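Undergrad: Mind looking over this structure? Questions follow.
What follows is calculated from the coordinates using simple rules that are stated; it is not laboratory data. Predicted, not measured: the structure shown is a model, and the values here were computed from it. Because the Cβ atoms are built from the backbone with ideal geometry, glycine has one as well, and the counts that use them run over all protein chains shown.
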Ligand SMILES: [Zn+2]
Ligand SMILES: [Zn+2]
């Protein structure tokens, strides 16, 4: 019998909040002061935000002195020097940019922070972070499957290839979509994480992210995900096509509709995930449903 391990049994009492975990300010190479970045995301109706300046930890006391404008503000940093970039989400001190990034991951986990691997397919050779490194590292929660700013740089802002290669090894890592905004206007509101959050604290957002109770999006809204045995139904507000994929990115179903009812019969699948394609270049991606087979 087939069933799934998945993060979408949403506990009652939460609400959906849209969040960006990757934004730069004048604390590093961003164009605007931290408060101006906060104001912009708040005006766009976001629910949470993390300032992720390069090797600069924006801590709880700095954030307490800002006007949050209704946003939940998360402490954070973009681990940058001497290796592939990673988000440090939460914690109470800077994670050092050690050459051995496993050391950085371990340091983050020791202070209950989380690590996300950033924009793997940045650069003309699409090799900011190799699959070999991502497969070797242990203890990070996910990777940016979409990074907005790479859309105006070399490489690809998408990293679904790396995600599928990790998932097919049985590595249950979450997909994230972030702006990586450095300036106003075109860097803003490109990708976000719609997250089921209980309460108003940074810890509540951290818990939801750690458990995978979110979906990354560039414009498609998922209205419900229901799972029963080997069946999954995904309903969206505005998808025009939904694709169900398994190991190695192999497509199992494609429907030109805003919803899909999918039944898995392949017992050798490691995972299933869904891509919801909307108008233009808008997408929403579900987190993986890891396949469990029992007698
Ligand atoms: Zn970066
Ligand atoms: Zn960045």
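Undergrad: Using the alpha-carbon centroid of each, what span in Å lies between the stretch 84-115 and the stretch 1-76?
TA: 17
Undergrad: Considering just Cα atoms, how many Å³ per residue does the convex hull of the stretch 219-294 enclose?
TA: Dividing the Cα hull volume of the stretch 219-294 by its residues yields 78 Å³.
Undergrad: Suppose the chain between residue 279 and residue 293 were pulled fully straight at 0.36 nm per residue; how much longer would it get relative to their current alpha carbon spacing?
TA: Result: 1.4 nm gained on full extension.
Undergrad: Give the relative contact order (percent, whole number) for the chain; include only Cα pairs under 8 Å separated by 6+ residues.
TA: It rounds to 18 percent for the chain.
Undergrad: Which percent of Cα pairs goes in each bin when the distances of the chain are cut into 5 angstrom slices starting at zero?
TA: Using 5 Å bins, I get a P(r) of 1, 6, 12, 17, 20, 17, 13, 8, 4, 1, 0, 0 for the chain.
Undergrad: Right, another one. Once the piece of chain linking residue 9 and residue 112 is laid out straight, how much longer is it, given 0.36 nm per residue of separation minus the C-alpha distance between them?
TA: Separation in residues times 0.36 nm, less the Cα-Cα distance, equals 34.7 nm.
Undergrad: A further question follows. How much space per residue, in cubic angstrom, does the convex hull of the C-alpha atoms of the stretch 142-295 take up?
TA: 130
Undergrad: Further question on the same structure: Write down the percent of antiparallel bridges among all DSSP beta bridges whose residues are both part of the chain, to the nearest 5.
TA: 80
Undergrad: What is the order of 252, 21, 73, fewest Cβ neighbours within 10 Å to most?
TA: In order of increasing Cβ crowding within 10 Å: 252, 73, 21.
Undergrad: With only alpha-carbon atoms in the gyration tensor, what are the semi-axes of the equivalent ellipsoid for the stretch 1-121, in Å, largest first?
TA: Semi-axes (√(5λ), whole Å): 24, 23, 13.
Undergrad: Based on a Kirkwood Rh over C-alpha pairs, give the Stokes-Einstein translational diffusion coefficient of the stretch 102-208 at 20 °C and viscosity 1.002 mPa s in µm²/s.
TA: In µm²/s, the coefficient is 145.
Undergrad: Also: For residue 68 paired with residue 268, estimate the spin-label separation in nm (one decimal), with each label point 7 Å from Cα along the Cα-to-Cβ line.
TA: Reported label-point gap for residue 68 and residue 268 is 5.1 nm.
Undergrad: Would you list 55, 40, 112 from fewest to most Cβ contacts within 10 Å?
TA: Exposure proxy ranking, most exposed first: 112, 55, 40.
Undergrad: Right, here's the next one. Kindly rank 220-233, 57-70 from highest to lowest mean number of other beta carbons found within 10 Å of each residue.
TA: With the highest mean Cβ count within 10 Å placed first, the list reads 220-233, 57-70.
Undergrad: On a 0 to 90 degree scale, rounded to 10, what angle separates helix 34-43 from the longest Cα axis of the chain?
TA: Long axis of 34-43 versus the principal axis of the chain: about 40 degrees.
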